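J.: Pasting in a structure now, in structure tokens, and then I'll have a few things to ask.
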Amino acid sequence: MARPQSRYVCQSCSESFLRWEGQCRSCGAWNSLVETIVREPSRAARSRPSAAGDPARPAPLAGLGDEELPRLPIGIGEFDRVLGGGLVPGSLILVGGEPGIGKSTLLLQAAAGIAGRPGSADGAVLYASGEESAGQLRLRASRLGLLSGPAGHGIRVVAETEIGRVVELARAERPSVVVVDSIQTAQVDELDGPAGSVGQVRESALRLMELAKHDGIAVVLVGHVTKDGTIAGPKTLEHLVDAVLALEGERYGALRLLRASKNRFGSTEEVGVFEMGERGLAELADPARAFLVEHESAAPGSVVAPTLEGTRPLLVEVQALGAPIAYGTPRRTASGLDPNRVSLLVAVLGRRAGIGLASHDVYANLAGGLSVDEPGLDLPVALALASSLRDRPIRPGTVAIGEVGLLGELRIVTGLERRLREAARLGFARAIVPRGSRGSHGTPGSSGSRESGPPDAPGLEVVTVGTLRDAIDAALEDV
Ligand code: TYD
Ligand code: MG
């Protein structure tokens, strides 16, 4: 069989060359040549069989069929929630995360979930591992208690990195799901570049996409994340796949968050919360309180915020510290929070609320390794900074949420009622929220006051404030 030829194609002018060079001789771009397979025309035709005899014809929007997506529930509630109800057959999913965060663990557990579904056949999942040997996989499986039971036969493992053979195996065994761990170790024989190179990653992903679409198999790719938090490999990988999920958390902490940054078959708002334990990742009974830390006594610099991740309220603890510096430029360090936002809040606190941090190092983070970027965290962060600088704790049992404007004014957040109900359920007694916040029962102009019905959460005293200064007065405990 003739070996398909590969060429080095410039990514900026698409000129192709026989050998790799550092600079494109046609357009002069540096490092733009990527090894690419020259495809025979027949192949493109083969991958689109329906298009040939049935030319696409526009259809009226209202006349489009109502597409009910078949789903393959994994059986891990939190994972299904993020996917939007389970894996869609024929879809290609990328699961990213830092090394050691638990991607292989999560996917082996997911594979076991699929293998354990009633009516699921032997070999329902093909797990192609390029990262670990069969022995290492066995070790993990035994730790997870998966060697016996349906997973023992339902999951077939192959230590294979060549994607051509993985695709052949999948076509022969016809599993419902193929897991490729990881796309950075995957390669195709036709290309000479090393595994992990742009050309190899892209070609491997393209072939797996063809397998997914053509054979109706759900394919899950594991992807490594680089230091700056993006999935290693070509950016096109993220455009190619149907969903991009990220497993986040602090490597040495126990909590893990699964989040979708792209999902063609569901919402990108939902998060799944897991805890890494002795027997892999476990779902939490009460995720809303997972990120709360119990303190012996009220600590200055700590504020609890009722955040909303998609439709799920999560209570998180914001911690801040302002430490005076003797000389030099003060540092602003944030983890789990947007550092620019923290700098801005430091400026607003100084100019609008009399909390001067110009000669202080400022540190702010979220407890538990969570990272949240909603603007509603402004008020809790500002209150935590004020509390730290004044060395006065926030009144016990208080939560706060709201966006802070440049003038020190507070702005309302969405879903307030849901957040406050959750805070009340977890035993909080008081909430500081922006003025103008309204519950579902509030109607403008009712009861004669300008503030119509504040949000209603049983057992919670709701304090509405208009400015950051008022919020600080309402929040800090008198000493
Ligand atoms: P792993 O799934 O190998 O991470 P990744 O594939 O993302 O690189 O998980 C690695 C870590 O998880 C490792 O440090 C050990 C820990 N772990 C547990 O704490 N409990 C378990 O049951 C398992 C299987 C792993
Ligand atoms: Mg792994």
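J.: Where residues in the stretch 232-260 are open to solvent by 10 Å² or more (accessible area, probe 1.4 Å) and assigned to a helix (DSSP H, G or I), which of them is farthest from GLY272 (Cα to Cα)?
T.: Residue satisfying both the conditions and the ranking: THR236.
J.: Output the residue which, of all residues in the stretch 186-205 that are over 30 Å from ARG117 (Cα atoms) and within 16 Å of ligand 2 (Cβ to nearest atom), is least open to solvent (accessible area, probe 1.4 Å). Let's see the steps before the verdict.
T.: The initial filter retains those residues of the stretch 186-205 that are over 30 Å from ARG117 (Cα atoms), namely 187-203.
Those left that are additionally within 16 Å of ligand 2 (Cβ to nearest atom): 195-196.
On the way: ALA195: 51, GLY196: 35 Å².
Among those residues, the one meeting the criterion is GLY196.
J.: Taking interchain pairs and intrachain pairs at least six residues apart, which have beta carbon atoms under 7 angstrom, with the first residue in the stretch 122-151 and on the phi > 0 side of the Ramachandran plot and open to solvent by less than 60 Å² (accessible area, probe 1.4 Å) and the second near ligand 1 (Cβ under 10 Å from one of its atoms) and among the basic types (Lys, Arg)?
T.: From residues that are on the phi > 0 side of the Ramachandran plot and open to solvent by less than 60 Å² (accessible area, probe 1.4 Å), the pairs are GLY145/ARG279.
J.: Pull out all pairs, ordered by first then second residue, where Cβ-Cβ is under 7 Å, the residues are six or more apart or on different chains, the first lies in the stretch 97-116 and is within 12 Å of ligand 1 (Cβ to nearest atom) and open to solvent by less than 20 Å² (accessible area, probe 1.4 Å), and the second is in a helix (DSSP H, G or I) and of a type in the set (Phe, Trp, Tyr).
T.: If the second residue must be in a helix (DSSP H, G or I) and of a type in the set (Phe, Trp, Tyr), the pairs left are ALA110/PHE79.
J.: May I pose another question? So in the stretch 354-373, with the set limited to residues that are part of a loop (DSSP other than H, G, I, E, B) and open to solvent by less than 40 Å² (accessible area, probe 1.4 Å), which one is modelled with the lowest pLDDT?
T.: LEU370
J.: Within the stretch 287-324, can you find the residues that are assigned to a loop (DSSP other than H, G, I, E, B) and open to solvent by 40 Å² or more (accessible area, probe 1.4 Å)?
T.: Across the stretch 287-324, the qualifying residues are LEU292, VAL293, GLU294, HIS295, GLU296, SER297, ALA298, PRO300, THR311.
J.: Further, regarding this structure: Run THR105 past the list (1) within 16 Å of ligand 2 (Cβ to nearest atom); (2) at positive phi and report the number of the one that doesn't hold.
T.: Here THR105 meets the rest and fails (2).
J.: Among (1) in contact with a helix residue (DSSP H, G or I) (Cβ under 6 Å, 6 or more places away or on another chain); (2) more than 16 Å from ligand 2 (Cβ to nearest atom), where does GLY85 come up short?
T.: (1)
J.: Checking LEU208 against (1) open to solvent by 60 Å² or more (accessible area, probe 1.4 Å); (2) away from ligand 1 (no atom under 16 Å from the Cβ); (3) touching a residue at least 24 places away in the same chain (Cβ under 8 Å), which test does it fail?
T.: Here LEU208 clears every test but (1).
J.: Take the residues of the stretch 57-89 that are among the charged types (D, E, K, R) and part of a loop (DSSP other than H, G, I, E, B): which is nearest to ligand 1 (Cβ to nearest atom)?
T.: Step one: list which residues in the stretch 57-89 are among the charged types (D, E, K, R), which gives 57, 66-68, 71, 78, 80-81.
Narrowing the set further to residues that are part of a loop (DSSP other than H, G, I, E, B) leaves 57, 66-68, 71.
Details: ARG57: 46, ASP66: 38, GLU67: 34, GLU68: 34, ARG71: 25 Å.
Step by step, filter the stretch 57-89, then rank; the result is ARG71.
J.: If you take the residues of the stretch 450-479 that are open to solvent by 50 Å² or more (accessible area, probe 1.4 Å) and modelled with pLDDT under 80, which of them is farthest from ARG351 (Cα to Cα)?
T.: ASP456
J.: Now a separate question. Looking at ALA384, is it at pLDDT below 95, over 24 Å from the mean Cα position of the chain (by Cα), buried (at least 19 other Cβ atoms within 10 Å of the Cβ) and within 22 Å of LEU292 (Cα to Cα)?
T.: The answer is no for ALA384.
J.: Then there's this: Since LEU92 meets every condition but one in (1) within 12 Å of ligand 1 (Cβ to nearest atom); (2) open to solvent by less than 40 Å² (accessible area, probe 1.4 Å), which condition does it not meet?
T.: (1)
J.: Among (1) open to solvent by 50 Å² or more (accessible area, probe 1.4 Å); (2) among the small types (Gly, Ala, Ser); (3) under 20 Å from the mean Cα position of the chain (by Cα), there is one condition GLY376 misses while meeting the rest; what is its number?
T.: Every listed condition holds for GLY376 apart from (1).
The values are calculated or read from the model by the stated rules, or taken from the named source; none is laboratory data. Every value quoted in this text rests on a predicted model; they were computed, and no experiment measured them. All Cβ positions, glycine included, derive from the backbone under ideal geometry; neighbour counts span all protein chains shown. All accessible areas refer to the heavy atoms of the entire protein, side chains included, with ligands and DNA or RNA removed. Shrake-Rupley method; radii C 1.70, N 1.55, O 1.52, S 1.80 Å.
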